[in-house]
Amino acid sequence: PFLRERVLPWMSATGPRVIVFDTSGYSEWSAIERSVREPNVSILCQTAPAPGITLRHSTLRVSASEVILRHLRVRRSNRDGRSNDALRIIRQRDGEPLRHVIADHCSLSWGTDENLSFGGRPTSPVSDVTVQHCLLAEGLNHYQVLIGHDTARISLLRNLFAHTDNRIPENTYGRGEVYEFNNNIVFDYNRATTIATVATVDVIGNVYKAGPRPPDRTHNVTFNVNRVENPDASLDDGEVYGADNLQVGADVAEMYDSNFTTHARDRRAHEGSLYDPIPASELEVALLEDVGASRARDAVDER
């Protein structure tokens with residue numbers, strides 16, 4: 001079914017609300033981007049019968065606090081020729097801070113910039129966001145995740161990142177970002193996790209698994225200074241920690257570059273985290289049947 005009239009009302013509704021679905025199908029929007037602008041909403045797509053709810057050819061932007069997305073698919077595509085993400089959790093204008101957002105068991109594909117991005121403003125930071133049990137795949141611009149400036153306490157936990165070259169994730173700016181990248185599987189990539197100081201970052205219990213082509217970089221996790229965005233920064237200003245990360249299928253790759261090895265702490269950097277990682281050796285069995293909009297997988301997610 002075509003769900004335009006059914007789906008659009010929850011984009012503009014106000015007040016605390018829980019959105020459930022009594023039918024399945026897809027929505028295509030003429031707009032390049034649609035936004036969840038009002039806070040206090042749970043959008044529970046697992047309530048739809050198979051094959052679930054899919055948003056096609058547009059970007060979904062979350063620009064409000066207290067938002068939960070579950071079992072939603074966003075397939076951006078390049079049909080309109082524009083560069084944009086599948087899902088953006090971003091504050092573009094000054095105002096209240098944006099915080100307390102969860103994306104759980106979502107499938108994000110075919111982004112024409114990143115599949116997922118975060119970004120705030122100095123007066124309106126983005127914080128306390130968790131993306132978990134999600135499937136992010138086939139970024140059309142080769143990028144997975146950008147953690148932008150004025151962000152803090154971003155958690156990327158138990159996700160599968162597949163068939164996309166790099167930014168898995170990347171914090172480009174190095175302006176004090178705080179995030180954790182724990183218990184994720186990165187499959188078929190050429191440059192994975194890039195950390196720019198000044199940042200506070202944990203990289204724990206991940207599996208970096210080569211696909212048909214080996215990675216073209218010799219390190220999965222790099223730590224550096226972005227001389228363009230933050231030319232006065234120093235590696236000594238960053239707080240990074242890595243442990244129990246596995247490389248599978250690419251003998252030429254090393255896990256950490258020398259900057260990371262030299263500057264890494266001997267304990268977790270994101271000391272406020274509530275997540276206790278499982279061993280990386282158990283990750284594939286634990287994740288692969290459960291990631292993405294798994295209550296009603298479609299053919300793309302199965303592939």
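The values are calculated or read from the model by the stated rules, or taken from the named source; none is laboratory data. All values reported here derive from a predicted model rather than from experimental measurement. Don't worry about glycine lacking a Cβ; one is built from the backbone with ideal geometry, like all the others, and counts go over all protein chains shown. The accessibility values were calculated without ligands, DNA or RNA, using every heavy atom of the protein model including side chains. Shrake-Rupley method; radii C 1.70, N 1.55, O 1.52, S 1.80 Å.
Which of the residues spanning the stretch 249-303 are among the hydroxyl-bearing types (Ser, Thr, Tyr) and either touching a strand residue (DSSP E or B) at 6+ places or on another chain (Cβ under 6 Å) or open to solvent by 40 Å² or more (accessible area, probe 1.4 Å) (or both)?
256, 258, 261, 262, 273, 275, 281
Of the residues 265, 297, 213, 217, which single one is among the basic types (Lys, Arg) and under 20 Å from the mean Cα position of the chain (by Cα)?
297
When the stretch 120-136 is examined, which residues are found to be open to solvent by less than 10 Å² (accessible area, probe 1.4 Å) and farther than 22 Å from residue 276 by Cα?
120, 124, 126, 136 - these are the residues of the stretch 120-136 that are open to solvent by less than 10 Å² (accessible area, probe 1.4 Å) and farther than 22 Å from residue 276 by Cα.
Tally up the residues in the stretch 70-113 that are open to solvent by 50 Å² or more (accessible area, probe 1.4 Å), among the hydroxyl-bearing types (Ser, Thr, Tyr) and not in a loop (DSSP other than H, G, I, E, B), please.
0
Look at the stretch 78-97 and say how many of its residues are in contact with a Phe, Trp or Tyr (Cβ under 9 Å, 6 or more places away or on another chain), at pLDDT 90 or above and not β-branched (Val, Ile, Thr).
Number satisfying all stated conditions: 3.
If we scan the stretch 190-203, do we find a residue that is in a loop (DSSP other than H, G, I, E, B), among the basic types (Lys, Arg) and within 22 Å of the chain's Cα centre (by Cα)?
Checked against the condition, which is being in a loop (DSSP other than H, G, I, E, B), among the basic types (Lys, Arg) and within 22 Å of the chain's Cα centre (by Cα), the stretch 190-203 yields at least one hit.
Could you tell me how many of the residues in the stretch 40-64 are of a type outside the set (A, V, I, L, M, F, W, C) and open to solvent by 50 Å² or more (accessible area, probe 1.4 Å)?
Residues flagged as of a type outside the set (A, V, I, L, M, F, W, C) and open to solvent by 50 Å² or more (accessible area, probe 1.4 Å) within the stretch 40-64 amount to 6.
More than 20 Å from residue 138 (Cα to Cα) and of a type outside the set (A, V, I, L, M, F, W, C): which single residue out of 217, 297, 265, 213 fits that description?
It is 265.
For the subset of the stretch 221-261 comprising residues that are free of Cβ contacts under 8 Å to residues at least 24 places away in the same chain and not in a loop (DSSP other than H, G, I, E, B), which member is nearest to residue 206 (Cα to Cα)?
Among residues in the stretch 221-261 that are free of Cβ contacts under 8 Å to residues at least 24 places away in the same chain and not in a loop (DSSP other than H, G, I, E, B), the one nearest to residue 206 (Cα to Cα) is 261.
Taking the residues in the stretch 138-181 that are of a type in the set (D, E, K, R) and not in a loop (DSSP other than H, G, I, E, B) as candidates, determine which candidate is surrounded by the fewest Cβ atoms within 10 Å (Cβ to Cβ).
Selected residue: 153.
Just to be sure, is residue 193 free of Cβ contacts under 8 Å to residues at least 40 places away in the same chain and among the polar types (S, T, N, Q)?
So residue 193 fits the description; yes.
State whether one or more residues within the stretch 273-283 are part of a helix (DSSP H, G or I), touching a residue at least 40 places away in the same chain (Cβ under 8 Å) and farther than 30 Å from residue 302 by Cα.
no
Among the residues of the stretch 114-130, which ones are part of a loop (DSSP other than H, G, I, E, B) and not small (Gly, Ala, Ser)?
Within the stretch 114-130, 114, 115, 122, 123, 125 meet the criteria.
Given the structure, is residue 208 surrounded by 20 or more Cβ atoms within 10 Å (Cβ to Cβ) and either in contact with a His (Cβ under 7 Å, 6 or more places away or on another chain) or hydroxyl-bearing (Ser, Thr, Tyr) (or both)?
Considered against the rule, which asks whether it is surrounded by 20 or more Cβ atoms within 10 Å (Cβ to Cβ) and either in contact with a His (Cβ under 7 Å, 6 or more places away or on another chain) or hydroxyl-bearing (Ser, Thr, Tyr) (or both), residue 208 comes out as yes.
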